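Taking it in order: structure first as structure tokens, then the write-up.
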Amino acid sequence: MSADPRSSATSLASALVDQLPLAACVLDESRIVAANERLCSLLGRTKEQIVGAPDALQTVLIPISRKAGAAERAVDEMDLVGRGSDGAPIPLRGRISPFPLAGPGAVLIVCTDERGLARTAQIVRGLVDAAVAAQREQTAFGLFRSVRDRLAQLGLLVNFNEISGQAVHILDLGDGPGGLSALRQRWAHDIPVEAFRALLPRKGHASQGNLIEDLPGLIAKALGKRRDEVDPTIPSRAIYAIIPVSGEGPSYALSATGSGLDATVASAFGLFGQQVGAFLEQIRRIEELDRKNRELAAVNEVARASAALGSADSLRQALERFAEVAGVERTAILRREEDSLELAAQRGFEGHEFAAVLQSVAIDRELPWTDAALAGDPVLFTLLPDGKVRSASLRLQTPPGGVIPLALAQRQAEHNGVVLPLKVGERVHGVLVAVKKETLEREDLRLLNTLAAQLAVSLLNVMLFQQTQRRVEELSNLLELGQTALGNFDLRRILDAGARVAVRILRCTASYVWLPDSTGTSLKVEAFHDPDVADGAAQGIVFPLSRRSMVTLAFATRQPQAALDAQTDSRIDPELVRRIPARSILAVPLVSHDVAVGALSLLTRGDRILGAQDVRLATHVAQLLSAAVVSSDIVARERRRADELGLLQQISTALAGKLDRHELFVSALSRALELFDADVAAVYEREGDELRLSFTQAKEGTAHGFPESAPLGRFGLCEENNAMQRRVELDGQNGLRHSLCAPMPGPAGAPGGAFCVARRAERPFSADEARIADALSAQLSVALSNARLYAEERTRAEEMTSLYELSRSVAGSLEIVPLLNAAGERLRKLVDATNWFVLLLDEGKKTLRNIACSPQHSEFMRDVVLHVSESSIALEAVRTRRPVQEGHPEQSPRANPRLVSHFGQRALLAVPLIARDEVLGAVMLDDVRGSRVFTDGEIKRVVAGAQQIALAVLSGRLYEDLRRSYAELARTQAELIERERLAALGELSASIAHEVRNPLGVIFNSISSLRRLVEPKGDVKLLLDILSEESERLNHMVGDLLDYSRPIQPALQPVALGQLVDEAVSAVRTSVAHNEGVDVHTSISPGVATVRADSRLLRQALVNLVTNAFQAMPRGGSVTISATDVISDGGRLARISVRDTGTGIPREDRDRVFQAFFTTKPTGTGLGLAVVRRIAEGHGGHVQLAEIDQGAEFQLLLPL
């Protein structure tokens, strides 16, 4: 019997393979027919286990056609995977060549162990995966984190560095490569480029990956240390690559440390860096298009979600068809959820005891379908007639090709069921459970595996459809919320809609929207949707941020917070749970630009538990709400800014028309109180090195709270930079808590003042309000400057007007006293003084006498005479012929202490009166309100006025002299005429007296004789009395005529006026009949108790005046005789008044009462008042009739 040729070929192949120095085998028709000991050792198996086994070498693809001729066969190399004794894959590199000695289709495979290169391949594959993952990132920072996280899975510590200019900035992505801490100890922020210049590509050379063989040495060199001085834990090797980024902006450097780094990895790392650079450029471009794509995002998401439609009915129909084709009795599809398997569809299990086991299964239970779902491999099991599963089951390890192993016939006899993972790609979406009446065969498994792949797609379609339905519902609700927020600036309405949408999307019981209150220390419920709480019951609930709760934690950490059990979770405040009951709570922050603006809390009270799977939807709702909150805040802020600008414009318009300081302050501060919602506003103006409060105004009540004055430093103002603090220390009054101050620029940029507002509310002033305050203070500064200029010009105009009026009054009057009264008052107003005094110099007596002053001080100043030896700034001004002032006269030796004490003078100014180089006196002005220094301008104005007064005084003196001369001439002429008239009258009177009195003497003697001789009775007596009375009257008339015609030459000597008045009254009472009803009252002033006069003549004048008064009151009345001193142009006079309460003198007779021979009495001679006039003029005085309402008053004025 001849030997089998095939066996001989096999033996020959074994002998040849054993001689090879490398691991080798001969493969014929996918079976190993020969292998040497080196291959057995490499795989960890015996030769008997390898030869004839179909699975010792997998992924063996023979690129040689069996039909090809020997000449066409070629040697090829490829990667192989060996299966070790423990089932672990062993990477191999095989050199495959035809081996016809073992058969026409046999090949010789010489293998080398590639496990040393596995790490390199793993890193390269990881770089590819990282590049794919990075391509999906939307932001550069997300890309950096994705690369870091992906490569961290390979054991690589990655760091990104930003290269900008001459500095390298280390991006903070968490743990960096070894040695990073050492660099940060040396350079806290940026590392200079020069420290690692050698690592940067030279100009003109493309960037590539580089391997750093000695990382500690490189770091030591950069730090300027020895290698043994750096941290010994620093990895020895590192790779880095420069990431090229086109366009403007910084470039990046990517570095990594870890095991398995070599030149190949470095080269791949360089290519990876180029890809990352391209992704960064792509992200940069995508960000530019992001705005345009937002509107299409929702439509695109809906389109992608609806790309593959399916439903639960289609899955059941597919399962029905599957059962028919595969010939299985019972089948079911379980859909995988997060932590369970849920029944999606079934056939044949209805009413079966096994159906209850399939309804919902926790993924961690030890069951065949959970094993298949977790491992991703098929699992065989046996379903017993009673519906129970036999404990023994078999998991089939599916090879990379996805084909179930076929050599299982000896193991399948006892299994009638199989669980197949429903996988699409590498992800298991569920499992397929199939049960036959009989035992499953190999062909059954092949068919079931093939159909399971189709059912996996169907299940995925159903899941995608359901997810799409949910997503569409979610997006519809979100779109509804977005449309509510779009173009709607009513934040309350948006938040209410957001609360409702959150409940619908998350399928929860209630939702609450929390926003920070005005103080920023608490969260307040602004909107809620809770069917178990009455409308408005939860509105306004305030929860302090300092208290621990889910909402405050979410707000503080800007991270979602989920509590599965609200009753036991320590993060939940018990009081809040009592007010708002809940079973589970999910709190999501409202975040905008990495700043928390609020929080959204979601609650359930039934079986539903809010968990991590709900965070995504809650975050979407929170994002829309945060955008609405920020948009509302922006709109409110812009509206507020528009209102503020409008109010600023109104203030500017109002201030532009105000030139009066008080009106300006009232208008500006009232609007400022409204603009800043403040309670008190104030304006400070600079005086020297301090700010003094100029004006305050309160919204309500009194305007207290700001200090009256303060140094510049207290407000933060300084000359160098005009800087200013934004607040001022308040004095605690009026309950003011917060203040805001803005500097008002002065001339040449120096600080000119401050504008301040304060409020009682616990709300500090914001930066926007500070900016508005600066604008308002600038406008106010300009307006105050205009008002100040206007006030100065108006003051200057008033001064010029006053000087003009002074000149007019001086030029238009020659009466000294009225002139000085008008001029002095105008001078006082010109410099805002309190009192004025005009003192004239008496050269002969060397004195200054007050001639005119403020009316209220005329009585006191009447007797004031300043001798040249006394101290007085008026005398100082006269002596020096220059203006003199004293800011503190109470301390000055030059001021007169008597005047200073009497008037309370706090400031004095004296200006000499000089005309034609002659000092006539001085003008003195004082201020009793406080110490002050008269400015040069004020002194110049007073000097100008004093010059006018001096000229007027000089003119007045000349006028007085001229008037006195004319008066003296007129008096002389009148006296001459009077003397001539009186001389003639005297001659006539003497002749008449001689001719009349002689017969009168006879008549008097005859009457006396008749009274003695005849006892008169009856008519005789009456006739004698009449004859006697008429004779006496005729005698008096002759006497009056003689008295009037006699020349008046008074002999002046001191006369006691009171005694003389009493004598005159007694004489009148004796001579005038029927005077019993007349009362006489006398009042003699001490200043005129003694006068220089002729007592006989003065007594005659008083007798005549009192006689007329008695005769004017035949039925009785009152006579008042008073005497006082008065000042007139002629000097000091004694005024003696005789006033009665009689019938008075008719107005038409007033001008003739002093004429001789004019009388209104039937028995008068008309010479009484004429004699009084002659006596007064003989004494250098005059007599006048005063204007009174009742009776008559004659005033006799005699010089003292």
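The values are calculated or read from the model by the stated rules, or taken from the named source; none is laboratory data. Quantities reported herein were computed from a predicted structural model and do not represent experimental measurements. Positions of Cβ are generated from backbone atoms using ideal geometry, with glycine treated the same way; all protein chains shown enter the neighbour counts.
Considering the range 864-895, and only residues there that are assigned to a loop (DSSP other than H, G, I, E, B), within 21 Å of A950 (Cβ to Cβ) and touching a Leu at 6+ places or on another chain (Cβ under 8 Å), the residue that is modelled with the lowest pLDDT turns out to be V868.
Go through V597, V683, V615, V591 for me and flag whichever is within 22 Å of M744 (Cβ to Cβ) and either buried (at least 17 other Cβ atoms within 10 Å of the Cβ) or touching a Ser or Thr at 6+ places or on another chain (Cβ under 7 Å) (or both). Even if it seems obvious, please write down each step before you answer.
Numbers: V597 fails: within 22 Å of M744 (Cβ to Cβ); V615 fails: within 22 Å of M744 (Cβ to Cβ); V591 fails: within 22 Å of M744 (Cβ to Cβ).
Residue meeting the stated conditions: V683.
Within the range 1091-1131, the only residue that satisfies the criterion of being exposed (fewer than 15 other Cβ atoms within 10 Å of the Cβ) and polar (S, T, N, Q) is S1128. Within the range 123-144, residues that are touching a residue at least 60 places away in the same chain (Cβ under 8 Å) have Cβ atoms under 7 Å from residues that are not in a helix (DSSP H, G or I) in these pairs: I123/L154; I123/G260; L143/E137, counting only partners at least 6 apart in sequence or on another chain. Note on the range 1048-1139: enclosed strands (runs of 3 or more DSSP E) holding 2 or more residues that are modelled with pLDDT under 85 are 1117-1128. Scan the range 699-713 for residues that are buried (at least 16 other Cβ atoms within 10 Å of the Cβ), among the small types (G, A, S) and either over 13 Å from E685 (Cα atoms) or touching a residue at least 40 places away in the same chain (Cβ under 8 Å) (or both) and the total you get is 2. Looking only at residues in the range 1056-1068 that are surrounded by fewer than 18 Cβ atoms within 10 Å (Cβ to Cβ) and either free of Cβ contacts under 8 Å to residues at least 12 places away in the same chain or in contact with a strand residue (DSSP E or B) (Cβ under 7 Å, 6 or more places away or on another chain) (or both), the one that is farthest from I1136 (Cα to Cα) is S1066. Screening the candidates L422, L394 for the property of being of a type in the set (A, V, I, L, M), in the same structural domain as V325 (by TED's automatic domain parsing) and modelled with pLDDT of 80 or more yields one hit, L422. Looking across the range 1100-1156, the residues that are of a type in the set (S, T, N, Q) and touching a strand residue (DSSP E or B) at 6+ places or on another chain (Cβ under 9 Å) come down to N1108, S1118, T1120, S1122, T1124, S1128, S1137, T1141, T1143. Check the range 189-210 and report whether any residue there is at pLDDT below 80, out of contact with any His (no Cβ under 7 Å at 6 or more places or on another chain), of a type in the set (D, E) and not in a loop (DSSP other than H, G, I, E, B). Yes, because at least one residue in the range 189-210 is at pLDDT below 80, out of contact with any His (no Cβ under 7 Å at 6 or more places or on another chain), of a type in the set (D, E) and not in a loop (DSSP other than H, G, I, E, B).
The numbered conditions (1) crowded, with 24+ Cβ neighbours inside 10 Å; (2) at pLDDT below 85 are all true for D565 except (1). When the range 476-519 is limited to residues that are of a type in the set (K, R) and in contact with a strand residue (DSSP E or B) (Cβ under 8 Å, 6 or more places away or on another chain), the one that is modelled with the lowest pLDDT turns out to be R492.
Starting from residues that are under 16 Å from F543 (Cα atoms) and of a type in the set (A, V, I, L, M, F, W, C), keep the ones in the range 573-584 and report whichever is modelled with the highest pLDDT. Steps first, answer last, please.
Pass one, the range 573-584, residues under 16 Å from F543 (Cα atoms): 573-581.
From the residues that got through so far, the ones that are of a type in the set (A, V, I, L, M, F, W, C) too are 576-577, 580.
Numbers: L576: 77, V577: 76, I580: 81.
Applying the filter and picking the extreme gives I580.
Looking across the range 1163-1195, just one residue is among the β-branched types (V, I, T), surrounded by fewer than 20 Cβ atoms within 10 Å (Cβ to Cβ) and over 30 Å from E1030 (Cβ atoms), and that is I1188. The numbered conditions (1) under 60 Å from the mean Cα position of the chain (by Cα); (2) modelled with pLDDT under 80 are all true for I992 except (1). Any residue in the range 791-812 that is in contact with a strand residue (DSSP E or B) (Cβ under 8 Å, 6 or more places away or on another chain) and at pLDDT 70 or above? Looking for residues that are in contact with a strand residue (DSSP E or B) (Cβ under 8 Å, 6 or more places away or on another chain) and at pLDDT 70 or above, one finds none in the range 791-812, hence no. Applying the criterion of being in contact (Cβ under 8 Å) with a residue 60 or more places away in the chain and out of contact with any Phe, Trp or Tyr (no Cβ under 8 Å at 6 or more places or on another chain) to the residues of the range 574-588, the residue that is surrounded by the fewest Cβ atoms within 10 Å (Cβ to Cβ) is A582. Could you count how many residues in the range 913-933 are closer than 24 Å to L866 by Cα and surrounded by 15 or more Cβ atoms within 10 Å (Cβ to Cβ)? Final tally of qualifying residues: 12. Residue check: A307 meets all listed conditions (1) part of a loop (DSSP other than H, G, I, E, B); (2) closer than 30 Å to R446 by Cβ; (3) hydrophobic (A, V, I, L, M, F, W, C); (4) modelled with pLDDT under 75 but one, namely (2). Given the structure, is F837 outside any helix (DSSP H, G or I) and over 26 Å from G1131 (Cα atoms)? When the stated conditions are applied, F837 does not pass them.
Among E301, E353, E366, which is the only one that is modelled with pLDDT under 75, assigned to a loop (DSSP other than H, G, I, E, B), out of contact with any His (no Cβ under 6 Å at 6 or more places or on another chain) and not small (G, A, S)? I'd like the intermediate steps shown before the answer.
Details: E301 fails: assigned to a loop (DSSP other than H, G, I, E, B); E366 fails: modelled with pLDDT under 75.
It is E353.
Kindly evaluate R335 against the criterion of being among the basic types (K, R), assigned by TED's automatic domain parsing to the domain that holds F465 and at pLDDT 70 or above. Explain how you work it out, then say what you get.
Numbers: among the basic types (K, R): yes; assigned by TED's automatic domain parsing to the domain that holds F465: yes; at pLDDT 70 or above: yes.
Spelling it out, R335 is indeed among the basic types (K, R), assigned by TED's automatic domain parsing to the domain that holds F465 and at pLDDT 70 or above.
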